[in-house]
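These notes are about the structure you will find just below.
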Amino acid sequence: MRNFLGMMLFAFICSNAVGQNLDYYLPKNVTYDPSIPTPKSIINHEVGEWHVTHDRLVNYMKAVATSSDRVSMQVTGYSYEGRPQLLLAITSPQNQKRLEEIRKQHLLLSDPAQSASVMIDDLPVVVWMGFSIHGNESSGSNASLLTAYYLAAAIGPQVDDLLQNTVILIDPSFNPDGLNRFATWANSNKSNTQVADPNSRELNEAWPGGRFNHYLFDLNRDWLPAQHVESQNRLAAFHNWKPNIFTDHHEQGSNATFFFQPGVPARANPNTPKRNQELTGLIANYHSKFLDSIGSLYFTKEGYDDFYYGKGSTYPDINGGIGILFEQASSRGHAQETDNGLLTFPFTIRNQFTTTLSTLEAARMMRKDLLNYQRGFYTDVMKEAAAFTTKAYVFGDEADKSKTWHMLDIMQRHKINVYELKQKVMADGKTFSPGSAFIVPTSQPQFKVIKTMFEKTFDYKDSLFYDVTAWTLSLAFNIDNASITTAPAAYQGNAVTAVSKPAGRIVGGLNNYAYVFGWEDYYAPKLLYALQNKGIVTKVATQKLQGHTAEGDKQFTYGAILIPVKQQTVGATELYKLIDEAVKLSGAEVYGLQSGLSVAGIDLGSNSFSSVKKPSIMMFGGTGTNPTDLGEIWHLLDQRFSMPVTIVDVERFNGIDASGYNVMIMPSGPYNNLDRQGQEKLRNWVSNGGTLLATEDAVKWLSTNGLTKVLFKADIEKKDSAIALPYYLRMDELRAKEMTGSIFEARLDLTHPLCYGYTTQTVSVFKTNTLFMDQNNGAYDSPVMYTDNPLQSGYIYRGNKELMKNSAVVNIDQVGKGRIISIVDDLNFRAFWFGTSKIFMNSIFFGNIIRL
């Protein structure tokens, strides 16, 4: 039984969860300007009394910006649901008048060619404070109300000195849609009488929860991939300022206390300078002092790390700044009983606000150290680049300009200098040609970002990781690339200043016989669906052909799509118009063929062309499914390919008419709420000709429940159990066996419908689980298999190495007239694993033509 006196003391310190006024949060003995509106005067409740909704948060920030000459505000963009993303700049009135001048001068520190000329004696340090990238970790965004009020309204020499020497950028909500979703849940389930029982509905969100953005992505993993509008807007603003300190306010489990960086020393990325960690440690002294002053418990140097650069607290570390993670124990609602006693929402907000003050005090006292560090960072980067063996990276895919465009887009967002090729390059046994390939010299300020995008890692100081261990961009894109070890100037053409999506075209114009397009381009599925949606009859080539086009003979390989003119319900002119519209949307190329007689390979009337049905897709969702896996598929179909998908909660499946769907998708999840009736319904649907796609844990569920014949390799690493280890290492040993995210090579059967469109016999697959699927017994059941030595980058536990070898990525089971396609890994990982999403799309379009 908990110590009653301890609980009462803790509750007294925390105070009641309802109705805390500003005195509870703000520093004592400070006078405040009465002309600055308090949060309550705008949001209509005290801070912490309710969870602030995004609209009220925006209203308050606007009111402060209007009322104070210390504050300016800009809208950096809009979320998927149309909510504004704000960035407040708070500094002295004198600095506000020359804010643009300060910004430009500050950016010169990141330009090694000019940084030596920058005088820092009077240059303000730039601090970016970011809140609640996970929407249900909302104490951060609620603390931003206090931060904005304090900086706008506080009066006195100390705050004047702070504002004169600091530009404070406040991003009050990294994730507007998630924040609003969570606030709505917590507020709508709040009782008038405080309920702190952890079993309460208020404290247990319904699926999918408020952590994610609209498409159920974790935005704190998207800093490097930059695939979502919220991240893209934020990145543009980040590079517009390049802050010296960047804070990232989060929450953790309710039974914890408060964490601030440094993280685990052994898990810092080796590309992060040692001085970065030293400065982080010095800043930590201010956090401890401020938290001590209010009696809050905390910890540091354990649990969290600085390894993956796709997070908000690590991305600044390779951009000349100091990233700082804060993790506050979460009340989840307004109050919750925990192992430490009663944890109230106001208490969590106060800790977050207190560490904004400690950060600002550190910035004020360490201003010159931070500015000098930023200047020195980029000077050292150029020295490191000069000593680096690779002088440039060249990349490009002649057959897939759309995929190349997406990779260019990522680099542009990270301010990487990329150049066109001005002559052919031959490197690493590959040929790269002008027009389809690009070159990235390593001797540039963003060298560390370039290095972490292209490098492959195999050696680690530690075997525990908070997130993924590898993210090699060229492998993610399955794109040809090579390292150049000589000076790249001879190959560099014009700088790429703008990235334009490839323009599609119809080669040969209006045609009266047939059109054909290859399946190699990333957006070929978008083109196909757009045509099917207009009622256009399409067929897929299961053999190669060579046709005569207006530009000469052209080879089309497995997966080419045929559009026969005379089999359509519209005339040749109208068909051309429909194709042209679809081509412009997709960026793919379509070729007209004047004859059914091929130059080589199958003719256009061959039975080796199979009809392609328009997919009608249902996807399981809700409780029993993994939100992020579902979100990746939803985003892929909706945003990338403009294909509708009907998401049906698992609990509702028994009650719907599923006969109108020909494709079903089971994203990863336990599916413990899909009962026997639902299982039998699913089996019958497949038997009647449906195509069922399952990913990760859903593959295991189908196998366990007898819907497939999939088997998993046995766990053969039992020897370790006999090793005597100290008890304190127990959890570390278990975690070391996890697969947090590594990259593995798989071989493809290029003639198989699931591999149509690929031009090389291997592909890089991202694996985040320890499911090792055995090859099915049929000769044609496993078209994607891991190789004999599959690890390409990342950490793998020694006991899993043998299990990985020659295991299956994809297995296919024939069930009656239909098929179940078991995909054991995440082919759409975080929306940037472009290289394997084609396998997933092939499963949707061509799953029904597979013959086993």
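Go through the residues of segment 241-251 one by one and say whether even a single one is out of contact with any Ser or Thr (no Cβ under 9 Å at 6 or more places or on another chain), open to solvent by 10 Å² or more (accessible area, probe 1.4 Å) and in contact (Cβ under 8 Å) with a residue 24 or more places away in the chain.
Within segment 241-251 (the criterion being out of contact with any Ser or Thr (no Cβ under 9 Å at 6 or more places or on another chain), open to solvent by 10 Å² or more (accessible area, probe 1.4 Å) and in contact (Cβ under 8 Å) with a residue 24 or more places away in the chain), the answer is yes, since at least one residue qualifies.
Which of the residues spanning segment 400-418 are over 26 Å from residue 237 (Cβ atoms) and either among the hydrophobic types (A, V, I, L, M, F, W, C) or open to solvent by 30 Å² or more (accessible area, probe 1.4 Å) (or both)? Break it down into steps so the answer makes sense when it comes.
Step one: of segment 400-418, the residues over 26 Å from residue 237 (Cβ atoms) are 400-404.
Within segment 400-418, just 401 meets the criteria.
Could you list all residues from segment 658-687 that are outside any loop (DSSP other than H, G, I, E, B) and open to solvent by less than 40 Å² (accessible area, probe 1.4 Å)?
Selection gives 663, 664, 665, 666, 678, 679, 682, 685, 686, 687.
Which residues, taken from segment 265-280, are modelled with pLDDT under 90 and in a loop (DSSP other than H, G, I, E, B)? Break it down into steps so the answer makes sense when it comes.
In the first step, residues of segment 265-280 are kept if they are modelled with pLDDT under 90; the result is 265-268.
Hit for segment 265-280 is 268, nothing else.
Within segment 419-432, identify whether any single residue is open to solvent by 10 Å² or more (accessible area, probe 1.4 Å), modelled with pLDDT under 95 and in contact with an Asp or Glu (Cβ under 8 Å, 6 or more places away or on another chain), and answer yes or no.
Yes: one or more hits.
Does residue 312 qualify as being under 30 Å from residue 239 (Cα atoms) and either in contact with an Asp or Glu (Cβ under 7 Å, 6 or more places away or on another chain) or not aliphatic (A, V, I, L, M) (or both)? I'd like the intermediate steps shown before the answer.
Numbers: under 30 Å from residue 239 (Cα atoms): yes; either in contact with an Asp or Glu (Cβ under 7 Å, 6 or more places away or on another chain) or not aliphatic (A, V, I, L, M) (or both): yes.
Taking the combined requirement at face value, the residue satisfies it.
Here's a check for you: in segment 441-470, which residue that is modelled with pLDDT of 85 or more and open to solvent by 20 Å² or more (accessible area, probe 1.4 Å) is farthest from residue 263 (Cα to Cα)? Let's see the steps before the verdict.
Narrowing segment 441-470 to residues modelled with pLDDT of 85 or more: 441-457, 468-470.
Subset that is open to solvent by 20 Å² or more (accessible area, probe 1.4 Å): 443, 445, 451, 455-457.
Numbers: 443: 30, 445: 26, 451: 23, 455: 23, 456: 23, 457: 21 Å.
Here the answer is 443.
Could you list, in sequence order, the residues of segment 54-89 that are among the β-branched types (Val, Ile, Thr) and either at positive phi or part of a helix (DSSP H, G or I) (or both)?
Passing the criteria: 58, 64, 66.
From the residues in segment 480-502 that are closer than 30 Å to residue 826 by Cα and either more than 25 Å from the chain's Cα centre (by Cα) or modelled with pLDDT under 90 (or both), which one is least open to solvent (accessible area, probe 1.4 Å)?
Of segment 480-502, the ones closer than 30 Å to residue 826 by Cα are 480-483, 499-502.
Now drop any that are not either more than 25 Å from the chain's Cα centre (by Cα) or modelled with pLDDT under 90 (or both), which leaves 482-483, 499-500.
Working: 482: 1, 483: 46, 499: 41, 500: 92 Å².
Per the stated criteria, the residue is 482.
With respect to the numbered conditions (1) more than 26 Å from the chain's Cα centre (by Cα); (2) free of Cβ contacts under 8 Å to residues at least 40 places away in the same chain; (3) open to solvent by less than 60 Å² (accessible area, probe 1.4 Å), which one is the sole condition not fulfilled by residue 655?
Unmet for residue 655, out of (1) more than 26 Å from the chain's Cα centre (by Cα); (2) free of Cβ contacts under 8 Å to residues at least 40 places away in the same chain; (3) open to solvent by less than 60 Å² (accessible area, probe 1.4 Å): (3).
Report yes if residue 114 is under 25 Å from residue 68 (Cα atoms) and of a type outside the set (A, V, I, L, M, F, W, C), otherwise no. First the steps, then the outcome.
Values: under 25 Å from residue 68 (Cα atoms): no; of a type outside the set (A, V, I, L, M, F, W, C): yes.
No; evaluated as a whole, the condition is false for this residue.
Looking at segment 378-397, I want the residues that are farther than 15 Å from residue 450 by Cα and touching a residue at least 40 places away in the same chain (Cβ under 8 Å) and have a partner that is open to solvent by less than 10 Å² (accessible area, probe 1.4 Å) and of a type outside the set (Val, Ile, Thr) with Cβ atoms under 7 Å, at least 6 apart or on another chain. Which pairs are those?
Going by the 7 Å Cβ cut-off, the qualifying pairs are 379/115; 396/432; 396/437.
Scan segment 688-715 residue by residue and report those that are among the hydroxyl-bearing types (Ser, Thr, Tyr), buried (at least 20 other Cβ atoms within 10 Å of the Cβ) and not in a strand (DSSP E or B).
Of all residues in segment 688-715, those among the hydroxyl-bearing types (Ser, Thr, Tyr) come to 691, 695, 703-704, 708.
Now narrow it down to the ones that are buried (at least 20 other Cβ atoms within 10 Å of the Cβ): 691, 695, 703, 708.
Listed by number, the residues that qualify are 703, 708.
Suppose the filter is open to solvent by 20 Å² or more (accessible area, probe 1.4 Å) and over 30 Å from residue 737 (Cβ atoms); does residue 547 pass it? It would help to see each step written out before you state the result.
Working: open to solvent by 20 Å² or more (accessible area, probe 1.4 Å): no; over 30 Å from residue 737 (Cβ atoms): yes.
It is false that residue 547 is open to solvent by 20 Å² or more (accessible area, probe 1.4 Å) and over 30 Å from residue 737 (Cβ atoms).
Take segment 200-231 and flag every residue that is of a type in the set (A, V, I, L, M, F, W, C), in a helix (DSSP H, G or I) and under 19 Å from residue 330 (Cβ atoms).
Initial filter on segment 200-231 (of a type in the set (A, V, I, L, M, F, W, C)): 203, 206-207, 212, 216-217, 219, 223-224, 226, 229.
Keeping just the survivors that are in a helix (DSSP H, G or I) gives 203, 219, 229.
Within segment 200-231, 203, 219 qualify.
When only residues in segment 555-570 that are open to solvent by 70 Å² or more (accessible area, probe 1.4 Å) and assigned to a helix (DSSP H, G or I) count, which is farthest from residue 511 (Cα to Cα)? Explain how you work it out, then say what you get.
Quick first cut of segment 555-570, residues open to solvent by 70 Å² or more (accessible area, probe 1.4 Å) only: 555, 566-567, 569.
Subsequent filtering for residues that are assigned to a helix (DSSP H, G or I) retains 566-567.
Values: 566: 11, 567: 13 Å.
Only one residue fits best here, namely 567.
For segment 571-598, name all the residues that are assigned to a loop (DSSP other than H, G, I, E, B), at pLDDT 95 or above and buried (at least 16 other Cβ atoms within 10 Å of the Cβ).
Within segment 571-598, just 598 meets the criteria.
Of the numbered conditions (1) touching a strand residue (DSSP E or B) at 6+ places or on another chain (Cβ under 9 Å); (2) open to solvent by 40 Å² or more (accessible area, probe 1.4 Å), residue 193 satisfies every one except a single condition; which is it?
Failing condition for residue 193: (1).
Within segment 508-554, track down each residue that is more than 20 Å from residue 397 (Cα to Cα), in a strand (DSSP E or B) and not basic (Lys, Arg). Lay out the reasoning, then the answer.
So the first thing to find is which residues in segment 508-554 are more than 20 Å from residue 397 (Cα to Cα), and the list is 508-516, 528-553.
Now narrow it down to the ones that are in a strand (DSSP E or B): 514-516, 539-541, 545-549, 552-553.
The answer is 514, 515, 516, 540, 541, 545, 546, 547, 548, 549, 552, 553.
Please indicate, with yes or no, whether at least one residue in segment 241-250 is over 21 Å from the mean Cα position of the chain (by Cα), part of a helix (DSSP H, G or I) and at pLDDT 95 or above.
Taking every residue of segment 241-250 in turn, at least one turns out to be over 21 Å from the mean Cα position of the chain (by Cα), part of a helix (DSSP H, G or I) and at pLDDT 95 or above.
Residue check: is residue 288 assigned to a helix (DSSP H, G or I), at pLDDT 95 or above, under 28 Å from residue 90 (Cα atoms) and open to solvent by 10 Å² or more (accessible area, probe 1.4 Å)? I'd like the intermediate steps shown before the answer.
Values: assigned to a helix (DSSP H, G or I): yes; at pLDDT 95 or above: yes; under 28 Å from residue 90 (Cα atoms): yes; open to solvent by 10 Å² or more (accessible area, probe 1.4 Å): yes.
For residue 288, the condition - assigned to a helix (DSSP H, G or I), at pLDDT 95 or above, under 28 Å from residue 90 (Cα atoms) and open to solvent by 10 Å² or more (accessible area, probe 1.4 Å) - is met.
Within segment 470-479, is there a residue that is closer than 25 Å to residue 303 by Cβ, part of a loop (DSSP other than H, G, I, E, B) and under 20 Å from the mean Cα position of the chain (by Cα)? Lay out the reasoning, then the answer.
First, the residues of segment 470-479 that are closer than 25 Å to residue 303 by Cβ: 470-471.
Now narrow it down to the ones that are part of a loop (DSSP other than H, G, I, E, B): 470-471.
Subsequent filtering for residues that are under 20 Å from the mean Cα position of the chain (by Cα) retains 470-471.
Within segment 470-479 (the criterion being closer than 25 Å to residue 303 by Cβ, part of a loop (DSSP other than H, G, I, E, B) and under 20 Å from the mean Cα position of the chain (by Cα)), the answer is yes, since at least one residue qualifies.
Residue by residue through segment 620-644, note down the ones that are part of a loop (DSSP other than H, G, I, E, B) and over 26 Å from residue 672 (Cβ atoms).
Applying the first criterion (part of a loop (DSSP other than H, G, I, E, B)) to segment 620-644 yields 622-626, 641-644.
Across segment 620-644, the qualifying residues are 641, 642, 643, 644.
Report whether or not residue 127 is part of a loop (DSSP other than H, G, I, E, B), crowded, with 23+ Cβ neighbours inside 10 Å, at negative phi and among the hydrophobic types (A, V, I, L, M, F, W, C).
No: the conditions fail for residue 127.
Taking segment 92-124, which residues are over 20 Å from residue 239 (Cβ atoms), part of a loop (DSSP other than H, G, I, E, B) and open to solvent by 10 Å² or more (accessible area, probe 1.4 Å)? Can you show your working first?
The first filter runs over segment 92-124 and keeps only residues over 20 Å from residue 239 (Cβ atoms), leaving 92-98, 116-117, 119-122.
Okay, now just the ones that are also part of a loop (DSSP other than H, G, I, E, B), so 92, 98, 119-122.
Selection gives 98, 119, 120, 121, 122.
Quick one: which residue in 181, 201 is in contact (Cβ under 8 Å) with a residue 24 or more places away in the chain and open to solvent by 30 Å² or more (accessible area, probe 1.4 Å)?
Values: 201 fails: in contact (Cβ under 8 Å) with a residue 24 or more places away in the chain.
Being in contact (Cβ under 8 Å) with a residue 24 or more places away in the chain and open to solvent by 30 Å² or more (accessible area, probe 1.4 Å) holds for just one of 181, 201, which is 181.
One line per residue, one yes/no per condition, for (1) open to solvent by 10 Å² or more (accessible area, probe 1.4 Å); (2) at pLDDT 95 or above; (3) within 21 Å of the chain's Cα centre (by Cα):
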| residue | (1), (2), (3) |
| --- | --- |
| 747 | yes, yes, no |
| 760 | yes, yes, no |
| 764 | no, yes, yes |
| 796 | yes, no, no |
| 816 | yes, yes, no |
| 827 | no, yes, yes |
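Can you tell me how many residues within segment 160-198 are touching a helix residue (DSSP H, G or I) at 6+ places or on another chain (Cβ under 7 Å) and among the aromatic types (Phe, Trp, Tyr)?
The number of residues fulfilling the criteria is 1.
The values are calculated or read from the model by the stated rules, or taken from the named source; none is laboratory data. Values in this document were obtained by computation on a predicted structure and should not be read as measured data. All Cβ positions, glycine included, derive from the backbone under ideal geometry; neighbour counts span all protein chains shown. Accessible surface is based on the protein model in full, side chains and every heavy atom, while ligands, DNA and RNA are left aside. Shrake-Rupley method; radii C 1.70, N 1.55, O 1.52, S 1.80 Å.
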